[in-house]
Structures are given as C-alpha cells and as structure tokens.
Amino acid sequence: MSFSNEITSWYNSNKRDLPWRNTTDSYTIWLSEIILQQTRVEQGMPYFYRFLERYPTVADFAAATEDDILKLWQGLGYYSRGRNMLATARLVNEHYKGRFPTQYNELIKLKGVGEYTAAAIASFSANEAKAVVDGNVYRVLARYFGISEPINSPAGKKLFQQTANDVLNMEHPGLHNQAMMELGALVCKPKNPACGICPIKTDCYAFLNNATTQLPQKLKTVKVRERYFHYFLVTNGSEILMNKRGPKDIWANMYDMPMIETSENMNAYEVLNLAESIEYFGHTPQVSEVSGPHKHVLTHQRLNINFIILNSREIKLKQEWFYANEEKLKNLAMPQIIFLFLTNFLN
DNA sequence: AATCCGGGGAT
DNA sequence: ATCCCAGGATT
C-alpha cells in the first residue's frame, strides 16, 4: 500500500470527531482554520462554537465591529487574527457577494490566510489538490523521510512543502491532508511518539534509526525580551479609568488601564515620581495599594506587571482614556492578564 | 532572514 | 524551565 493509502486508512478508523470536519462550507472551515493557527484543538474549540453561533454567515461577520470581534477573541491570543478576519469578511462580503472563496489562488490573497490556511480551506471545502504543511506535517515528514533540514529555515520550508506535494494523494487531497495532521497530532507527537501503533513505522527513517528525538530539526529560538509594566488603577465612584491601546505593540487596539513602561524594574514610589516628572496625571496622586509584580509570559516577552491602586480625583484625561462602569467593561476586549486582574479586583 | 504577535497545556 | 500548538505579517 502507498504512503497516502496507509495514513488515510488509519485516519478513517482513528480520527477524532471534530465539528469543522462535518462541513464543506468554506466560511466555516476558514473560521476553524484561523482559530486553530498556533492554537490547540481543545483551546480553540469553544471559540469556534461561539464564533459560529454569533456569526453564522460571512455577512454576519462582516457586520461586526472590531471591538465585537476582539471581545469574542479575548483569551485566545494573537489578536491580529481577529482583526484580519474582519477585514477579510468585509472584503468577501463586498467583492465576492458573500460567497467565501474555495480556490487556493483566491484564498491566498486574503488577509490572515497564508500557504497553510489556503491549502487547508481549498482541499477541505473543494478537494483542490494542495498539500498542507503545518507543525504536524513537518514532524511526520521529517521523521518518515529522515529530513534534517531545519523546518524554520527558508530552504527547509521549501523542501518540506515540496515533499508534502510529492506525497499528496491527488484523488483525495482533503482526506490526505487531514490524515497527515491527525497522525502528527495523535501518533507522531513531539515527545514520546506512539511509534508502536503507527501505520507507517515500517518505512519510517526515524523509527528504524531510533532518531525520533532528533527530528524535526529547528533553528535556535529567539531571545525573550524583559519588560516592566506599571498599571494605574484609578476609580471614579463605580467607574474604572481605562485606556485604549494603539495599533502597534502587543494587544493592538485592545483595552487596559493607563500605564507607564520602564526599562528596569521600579517600585511604586519611583514610578509615581516618574509619573509626576512627565505630568502623566496632571497632578500627584496618592498610592493606596500595590500589587505585583505579576509575571506574564508570552512567546517573545516576559512581562513584569505591577498594579498601583491610586486614590485620585480630577485626573486630566488623555485622549485614549475614559471611565467605564461594570456594564461597559463587559464589552471591552482586554488582555487576559488585565481581564483576570480586574475580575478579581471587582469581586 | 529575523522578529513580532498570546495564551495555555504537556513534559 | 522548555517546547509547541491546524501560522502569518512585518521589517
């Protein structure tokens, strides 16, 4: 039996029952694929259900605001995915009359849709013969063929895409793609792969050469940046002083509180002195309580976050600042660390 | 080619 | 602690 026949046969009897596999609607598949980028199936699943329920069609999605989308996306991370989705939904609604594309060459033009996602949507919704290459596929191919080229080098990306194209089942590309990823997720796992139950172990380079821990190869990871955020909690009766973040940096266009970032750690009083020197509040507030530092670890940054609770009135509001009551807070998309802190603070 | 963009689970 | 997850955009 061929490579593809082995894995698709295995897939048919071992696959998980995942909701986005029960449709060929390209809008629904797009929704699932964007949500699942760099995201585990278990983590993305509840978001998939929520988005599909709230926005059953691309026209519904297109009618949403960015605040709506970011709020529903809250906690999932990589928020540019949500912002790109809105741009794409609006474009599809206008220029494709609400018919979400199914062809690779159209899909690849859309914001937030790269080679992987275009191939996934095209093969799952229309059986177009495009091979997907995601983290699972890199692993399966590297081990099976004994490819030691790093998966994140430009040469490696080309080589793995070419290899995936070569083994693609041209009769059933969608099924084949699903099978490759499912094998990587359930059997050919990063740590402790279940080679004993693998349907292609008898021809697998890594299994035969005891090299599963060496493959795939990956270029060294980038260093983590240390950052120090000092948040100010200012209340005005029942309202909290909030801040809308700018379009750059992390958490673009989301909501947090006024804050000062420093290059080194500082205590609350040093931060207050700094705030006074730059006339951050227009006057000198008083500290009532300090909480932190809270460590918040992201892929490229380690955030050290202090919360400084202030006794203060008559704050001179900057343009991006506003007071929000609890009802208003419910609709604001916040970084998870801010959301959790405020939830705790208000209870 | 390198860096940025989140949050969480597994080991 | 480290790795990695149905990656893509930006510089």
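The values are calculated or read from the model by the stated rules, or taken from the named source; none is laboratory data. Keep in mind the model is a prediction, meaning the values are calculated, not measured. All Cβ positions, even for glycine, are placed from backbone atoms using ideal geometry, and neighbour counts span all protein chains on display.
Looking only at region A:124-136, which residues are crowded, with 20+ Cβ neighbours inside 10 Å, part of a helix (DSSP H, G or I) and over 22 Å from the mean Cα position of the chain (by Cα)?
Result: A:Ser125, single match.
Starting from residues that are touching a Lys or Arg at 6+ places or on another chain (Cβ under 7 Å) and of a type in the set (D, E, K, R), keep the ones in region A:250-289 and report whichever is nearest to A:His300 (Cα to Cα).
Of everything passing the filter in region A:250-289, A:Glu261 is nearest to A:His300 (Cα to Cα).
Could you list, in sequence order, the residues of region A:57-74 that are among the small types (Gly, Ala, Ser) and surrounded by fewer than 16 Cβ atoms within 10 Å (Cβ to Cβ)?
A:Ala59, A:Ala63
Just wondering, is there one or more residues in region A:82-90 that are free of Cβ contacts under 8 Å to residues at least 12 places away in the same chain and small (Gly, Ala, Ser)?
No; the residues of region A:82-90 include none that is free of Cβ contacts under 8 Å to residues at least 12 places away in the same chain and small (Gly, Ala, Ser).
In region A:29-45, what residues are over 10 Å from the mean Cα position of the chain (by Cα) and of a type in the set (Gly, Ala, Ser)?
Result: A:Ser32, single match.
For region A:67-86, which residues satisfy the criterion of being among the small types (Gly, Ala, Ser) and not in a helix (DSSP H, G or I)?
A:Gly75, A:Gly77
Tell me, yes or no, whether region A:52-67 has at least one residue that is within 16 Å of DNA strand B (Cβ to nearest atom) and among the hydrophobic types (A, V, I, L, M, F, W, C).
no
Out of curiosity, is A:Met1 more than 16 Å from DNA strand B (Cβ to nearest atom), more than 21 Å from A:Lys330 (Cα to Cα) and surrounded by fewer than 20 Cβ atoms within 10 Å (Cβ to Cβ)?
It is true that A:Met1 is more than 16 Å from DNA strand B (Cβ to nearest atom), more than 21 Å from A:Lys330 (Cα to Cα) and surrounded by fewer than 20 Cβ atoms within 10 Å (Cβ to Cβ).
Taking A:Gly98 and the conditions (1) in a helix (DSSP H, G or I); (2) more than 12 Å from DNA strand B (Cβ to nearest atom), which numbered condition does it fall short on, given that it satisfies the others?
Looking at each condition in turn, A:Gly98 falls short on (1).
Being under 28 Å from A:Gly246 (Cα atoms), at pLDDT 95 or above and part of a loop (DSSP other than H, G, I, E, B): is that true of A:Leu110 here?
yes
Would you check which residues across region A:78-96 are hydroxyl-bearing (Ser, Thr, Tyr) and under 14 Å from A:Tyr47 (Cα atoms) and list them?
A:Tyr78, A:Tyr79
Here is a yes/no grid of residues against (1) modelled with pLDDT of 95 or more; (2) over 23 Å from A:Val41 (Cβ atoms); (3) away from DNA strand C (no atom under 13 Å from the Cβ):
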residue: A:Gly146; (1), (2), (3): yes, yes, yes
residue: A:Ile151; (1), (2), (3): yes, no, no
residue: A:Pro154; (1), (2), (3): no, yes, no
residue: A:Asn165; (1), (2), (3): yes, yes, yes
residue: A:Met181; (1), (2), (3): yes, no, no
residue: A:Pro190; (1), (2), (3): yes, no, no
residue: A:Pro199; (1), (2), (3): yes, no, yes
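Whether any residue in region A:96-103 is over 19 Å from A:Met334 (Cβ atoms) and of a type in the set (S, T, N, Q) is what I want to check.
So far as region A:96-103 goes, yes, one or more of its residues are over 19 Å from A:Met334 (Cβ atoms) and of a type in the set (S, T, N, Q).
With the checklist (1) over 18 Å from A:Ile147 (Cβ atoms); (2) touching a helix residue (DSSP H, G or I) at 6+ places or on another chain (Cβ under 9 Å); (3) away from DNA strand B (no atom under 16 Å from the Cβ) in hand, flag the one item A:Met257 doesn't pass.
(3)
Does A:Ala179 satisfy the criteria of being buried (at least 20 other Cβ atoms within 10 Å of the Cβ), in contact with a Gly (Cβ under 7 Å, 6 or more places away or on another chain) and farther than 30 Å from A:Val287 by Cα?
Criteria not met by A:Ala179.
Identify, from the list A:Thr213, A:Thr235, A:Thr221, the residue that is free of Cβ contacts under 8 Å to residues at least 24 places away in the same chain, more than 16 Å from DNA strand C (Cβ to nearest atom) and out of contact with any helix residue (DSSP H, G or I) (no Cβ under 6 Å at 6 or more places or on another chain).
Criteria check complete, one pass: A:Thr235.
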